[in-house]
Amino acid sequence: MVSGMTVRGTAALGAVLLCVLAVPAQAATAAPADVDGRSAQGSSGRTAGELAAPDMAGLREVLRTALTQGAPGAIARVDDDGTVREVAEGVADRVTGRAIANADRFRVGSVTKSFSAVVLLQLVDEGALDLDTPVNTYLPGLLPDDRITVRHVLSHRSGLYDYTNDMFADTVPGFEAVRNKVFSYQELVDLSLKQPLGNAPGAAYAYSNTNFVVAGMLIEKLTGTSVQSAYKSRIIKPLGLRDTSYVHPRTTIAGRHANGYLPPDVADGTLVDSTEQTVSWAQSAGAVISSTRDLDTFFSALLRGKLTSAAQLAQMQQWTPVNSTQGYGLGLRRRDLSCGVSVYGHTGTVQGYYTYAFTSKDGRRSVTALANTSNNGTVLNTMARTLESAFCGKPATAPAAASARAGAPVERYEDIAPQVARD
């Protein structure tokens, strides 16, 4: 087993964030209410200085557990208001045996959705987009119901069917069928529209990659440029994200990176190296490449109000309940931890990679964790515990921590084929 841990001090993010694109000066808004009327704040307003110290030994143990459950490697980076701690276990490449490290780039999957949402909310700030205007106003005739608004799309309340349910009903055959395929956005929407809406617009939360394919179409229509260019000019360059890229439809990950490994649905099947792929089946819903450093920087900047106005950041935090411990805003997740702390970010699943990237309410403590596998519900649930170690600190007693975790909902494969049960 290969392992490593690095702790070092860094300058606060201020120097980087000062060069971020300017946003309109607006007064801070009150904490938004959930869609169902519940308070969005709860105990989540706790600042990084009020949090318990990160439990790095516990974090390492989570990664080691993931390895025993089938992950070739796992990494995590905690940025704590200027102090950086990194942990790594296992390998980035099963053939060469090279140790995985936080310097490795990887496919972030649905964390991409937060990038897409930020661009659209910047367009709201610029007066080019209104959240409560129907999508068909901007993209005439695209969707079957004129009542579907931009807000419905960004909050997964459009009712649009997730085409990945059919695409990846069989994990490895589904992946191999699209590994090198290049889709247009319209083709992906057409796959979705073969099925009727699952609910009336705005009626219910139902995770669907189709929503953020539509988001990509909106970005390209309103900016007059590609999603790649929008990400680069509005997020990647201003934040100095050295490891972050959107290379669709290129299949490779440039520079040092972790290989991804996809297990088949059948027991004892052969692992597939899924590193090289177009990710064209996801695009603006899941094709970004990044690193733990860059994702920590991104979500910290977002929650510190460096990427949008205060008004639009508040809109992102209009929570629709997902389950008893999670809410979904506009391209942003809220997770409520066992210690009463809420954290904000996104999860990501793409073939061969599981990502958790979250930050505190004030953006001053962030963690990104990766396991280079997927289609493994046990590893998925284990990696969720990285948030407990990073934000809740060392539990008073091991049994108490175990008891707290036992009450949390089981993680599901929501990011890919959310209606296909694999647990």
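The values are calculated or read from the model by the stated rules, or taken from the named source; none is laboratory data. All values derive from a computational prediction rather than experimental measurement. In this analysis, Cβ positions are derived from the backbone assuming ideal geometry, glycine residues included, and neighbour counts consider all displayed protein chains. Ligands, DNA and RNA are stripped out before the accessible areas are found, and what is left, the full protein with its side chains, is counted by its heavy atoms. Shrake-Rupley method; radii C 1.70, N 1.55, O 1.52, S 1.80 Å.
Key figures
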| read-out | value |
| --- | --- |
| Rg in Å to one decimal, and Dmax rounded to a whole Å, for the chain via C-alpha atoms | 19.8, 58 |
| Accessible area, probe 1.4 Å, largest first, for residues GLU89, GLU414 | GLU414, GLU89 |
| Accessible area of the stretch 171-261 belonging to carbon and sulfur atoms, whole % at 1.4 Å probe | 52 percent |
| Translational diffusion of the stretch 142-182, µm² s⁻¹ [Kirkwood Rh, Cα pairs; Stokes-Einstein; 4 °C; 1.567 mPa s] | 106 µm²/s |
| Whole-percent carbon and sulfur share, accessible surface of the stretch 314-389, 1.4 Å | 42 percent |
| Heavy-atom accessible area per residue - the stretch 75-148, 1.4 Å, Å² | 32 Å² |
| Inter-site label distance for ASP268 and GLU126 at 7 Å from Cα along Cβ, in nm | 5.7 nm |
| Gain upon complete extension [LYS181, THR137; 0.36 nm per residue less C-alpha separation] | 12.8 nm |
| GNM result for the chain, Cα springs below 10 Å: residue of THR270, THR386, THR368 fluctuating most strongly | THR270 |
| Area of ARG364 that stays accessible when all protein chains are in place (1.4 Å probe, Å², to 10) | 100 Å² |
| Kirkwood-type radius of the stretch 101-240, with distances r between different C-alpha atoms, in Å | 16.0 Å |
| Using a Förster distance of 35 Å, the FRET efficiency for THR225-ASN323 (Cβ separation, nearest 0.05) | 0.40 |
| Accessible area expressed per residue, the stretch 174-216, with surrounding protein chains retained (probe 1.4 Å, Å²) | 41 Å² |
| Sequence of LYS221, LYS306, LYS361 from largest to smallest accessible area, 1.4 Å probe | LYS221, LYS306, LYS361 |
| Accessible area per residue in Å² at 1.4 Å probe, computed on the stretch 272-342 | 18 Å² |
| Cα-projected label distance for ARG242 with ARG98, points at 7 Å along beta-carbon direction, nm | 1.7 nm |
| Along each principal axis, Cα extent of the stretch 264-372, largest first, Å | 47, 28, 23 |
| Per-selection Kirkwood Rh - the stretch 42-175 (Cα, Å, 1 d.p.) | 19.4 Å |
| Fully extended contour minus Cα-Cα distance, from CYS339 to ALA311, at 0.36 nm per residue | 7.2 nm |
